[in-house]
Structures are given as structure tokens and as C-alpha cells.
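None of the figures in this text is laboratory data; all of them are computed from the coordinates on show. None of these values were measured; they are calculated from a predicted model. Positions of Cβ are generated from backbone atoms using ideal geometry, with glycine treated the same way; all protein chains shown enter the neighbour counts.
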Amino acid sequence: MLLILLLIVHFTACLIYTLVGETHSWLPPKDLNNQTTTFYSETPGRQYPIMFYYGLMLIVGNEMAPKSNVQTLFFTILILIGSLIMAFIFGSIAAAMSSMGK
């Protein structure tokens, strides 16, 4: 289950980067106070962990600070999908724990 979750987070990070990488319009939430970011000038080796982190945060329902309607819709859909994934994971763990008690 953990491997599947890591793959989902990876694909989420890749989708987010595909959406925001071309326009450079999105600010990572950590840079919202300054209203400037160095994210787009970072190397891909530094960008990937940042996107992986925000992909994980998006799946668990964290704010992503969208700047356009497309980003808002995209992040909303990913939050809903993430909620379903987390519900499935917690349900599976609960079912496993329940069967252990029998």
C-alpha cells in the first residue's frame, strides 16, 4: 500500500509541475509571504523534492494557493481524489485490524 501511495504522490507531483511549469504563475505556499519564488530557477534535482512534498500535501488536503481558474479546478479535483485515496487506505487498515482481532 505504501508503494502505491508513493507512486500516486509521484504522479501527482508530475501533474502539478506539468500544469504550473510552463506558465510560472504558481507560487509555492512557502513563498506566499514574499510573493516571489526561486522555484523556477532551481535545478530539476531540487524542484522534484519540492513538488513531491506539495503533491503529498495536496493528497492529504493542504492548501496549494492556486493563481488561476484552471489551477483552482485542477487542485480541487486532486484534493477530492486524494480524499478518496486516504479513505481507502484508512478503511483497509481498519479492516485489517478488525480481522486480526477475530
Q) Going by average Cβ neighbours within 10 Å, how do the peptides 24-35, 86-97, 52-63 rank, with the highest at the top? A) 52-63, 24-35, 86-97
**Q.** Spatial separation of Cα centroids for region 36-83 and region 1-33, in angstrom
**A.** 4
Q: Please name whichever of HIS10, PHE74, ALA95 sits farthest to the positive end of the charge dipole of the chain, dipole taken about the Cα centre and charges placed at Cβ: Lys and Arg +1, Asp and Glu -1.
A: ALA95
(Q) I'd like the per residue volume of the convex hull spanned by the Cα atoms of the chain, given in cubic angstrom. (A) 97
**Q.** the chain - percent relative contact order, Cα under 8 Å, separation 6 or more
**A.** 29
